[in-house]
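The values are calculated or read from the model by the stated rules, or taken from the named source; none is laboratory data. Being a predicted model, the structure only gives us computed values, none of them experimental. Virtual Cβ from ideal backbone geometry, glycine too; neighbours counted across all protein chains shown. Keep in mind that these areas ignore ligands, DNA and RNA; they rest on the heavy atoms of the full protein, side chains included. Shrake-Rupley method; radii C 1.70, N 1.55, O 1.52, S 1.80 Å.
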Amino acid sequence: MQLDAAIGALAGWGEPAYRRAQVRTAVTRDLVASWDGVSTLSKTLRARLQNTVPFADLVSEDTQRSSDGTVKSRFRTHDGFPLETVLMQHGERRTVCVSSQSGCALACAFCATGSMGLGRNLNAGEIFEQLLWAAREAKKDGARISNVVLMGMGEPFHNYDEVLGFCRLANDADGYGLGARSIAISTAGWIPGIDRLAKEPIQVKLAVSLHGPNDEIRGSLMPVNRRYPVAEVMEACQRYRDETRRRIFIEYLLLEGVNDAPDQANELSSLLHRTAPGGFHVNLIVYNPTGSDYRASGPDAIGLFKGILERRGIDHSLRQSRGRDIDAACGQLTVRGVRERRAELRRARSS
Ligand code: SAH
């Protein structure tokens with residue numbers, strides 16, 4: 001959904017400003033599913049839009065529903081790249097987890113998306129369309145989307161401009177109107193993105209996936225640590241804190257025998273205290289199986305780890321996994337076909 005392109009086309013045809021507002025309202029408030037659904041426009045104008053700006057850029061290929069209410073949809077871009085979007089419910093709240101890329105280049109050892117490789121960046125309209133899909137799903141239950149997390153496929157800061165463009169679209173008071181603080185960007189620690197976000201006027205939340213308190217552990221899990229080691233990521237977090245005064249969320253996946261020992265809980269606490277006392281909230285994440293050799297930490301290890309963070313005065317919570325039965329939980333998003341699609345495109349270009 002390239003809303004700006006549609007509104008730009010109307011302006012180009014000399015349509016008055018209220019027509020543009022009608023389109024924005026129909027798409028983002030009434031959640032129409034086609035240009036034909038914009039009943040405030042004449043049939044001629046609807047047809048003209050239809051011929052100029054396709055209503056949808058993504059084709060939904062499959063939708064799965066979990067026993068816990070999670071809904072996952074698999075989409076394909078117009079040029080054939082797969083992605084997934086997950087809608088979760090917690091009581092009245094609805095959180096949508098959107099993808100910022102088809103696949104991902106970072107290849108974290110525990111993440112299924114990493115094994116796909118990178119297909120391509122999604123543009124702001126393609127990310128926005130995932131929110132619109134989720135908003136239509138939620139509307140079936142009379143609910144609204146309360147939160148957006150950029151924690152689906154991809155590294156958001158490898159696609160910075162489009163991701164921020166999406167955040168502005170979602171936040172637009174004349175559009176869906178989601179509060180900036182209800183939008184969270186999760187990064188594997190891509191420092192240039194953290195530094196740029198610190199200077200943005202829009203106050204979205206920042207989450208940093210750490211998963212290890214030192215380079216040895218983090219480096220064994222996340223190849224990106226070679227480029228941006230723990231100390232440098234922490235310095236970037238400090239700069240971000242100095243600039244914004246906002247709290248940073250640290251994502252910490254608990255893996256049995258890898259990063260879940262009491263020593264590591266203490267090391268993590270010291271690291272965060274040294275960087276910015278009171279500046280962090282740690283989200284402990286239970287590992288979801290992805291076919292890797294890692295195993296989720298057991299309840300005893302999790303209890304010990306939490307107890308240490310508690311004693312050391314580190315704010316934390318344990319993230320409940322949703323949608324595991326449909327492979328919709330964190331790290332489980334993967335679709336075959338990224339490599340195949342890239343190869344097809346290469347062949348087409350060279351022939
Ligand atoms: N690239 C971004 C956003 C995508 S991942 C990032 O790394 O933050 C969103 C979260 O899911 C990250 O914290 C990631 O580490 C976590 N995750 C990845 N694989 C997982 C798995 N198998 N089980 C649970 N969480 C996982």
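Which ones in the range 1-37 are in a loop (DSSP other than H, G, I, E, B) and closer than 26 Å to GLU162 by Cα? If the condition is that a residue be in a loop (DSSP other than H, G, I, E, B) and closer than 26 Å to GLU162 by Cα, then MET1, GLN2, ARG29, ASP30, LEU31, VAL32, ALA33, SER34 are the ones that fit. Residues considered: VAL71, VAL27. Of these, the only one that is assigned by TED's automatic domain parsing to the domain that holds MET153 and touching a Leu at 6+ places or on another chain (Cβ under 7 Å) is VAL71.
In the range 149-182, which residues are under 15 Å from ALA135 (Cα atoms) and among the aliphatic types (A, V, I, L, M)? Matches in the range 149-182: VAL149, LEU169, ALA170, LEU178. Looking at (1) within 13 Å of VAL338 (Cβ to Cβ); (2) open to solvent by less than 10 Å² (accessible area, probe 1.4 Å); (3) touching a Pro at 6+ places or on another chain (Cβ under 8 Å), which is the only condition ALA107 fails? Single failed check for ALA107: (2). Across the range 132-150, the number of residues qualifying as within 22 Å of GLY193 (Cα to Cα) and either of a type in the set (S, T, N, Q) or surrounded by fewer than 24 Cβ atoms within 10 Å (Cβ to Cβ) (or both) comes to 2. Within the range 232-284, the only residue that satisfies the criterion of being among the aliphatic types (A, V, I, L, M) and at pLDDT below 95 is ALA276. Restricted to strands (runs of 3 or more DSSP E) entirely inside the range 44-128, those with at least 2 residues that are within 16 Å of the ligand (Cβ to nearest atom) are 82-90, 93-97, 101-103, 118-121.
Scanning the range 19-69 for residues that are farther than 21 Å from LEU87 by Cβ, open to solvent by 30 Å² or more (accessible area, probe 1.4 Å) and of a type in the set (A, V, I, L, M, F, W, C) yields ALA21, ALA47.
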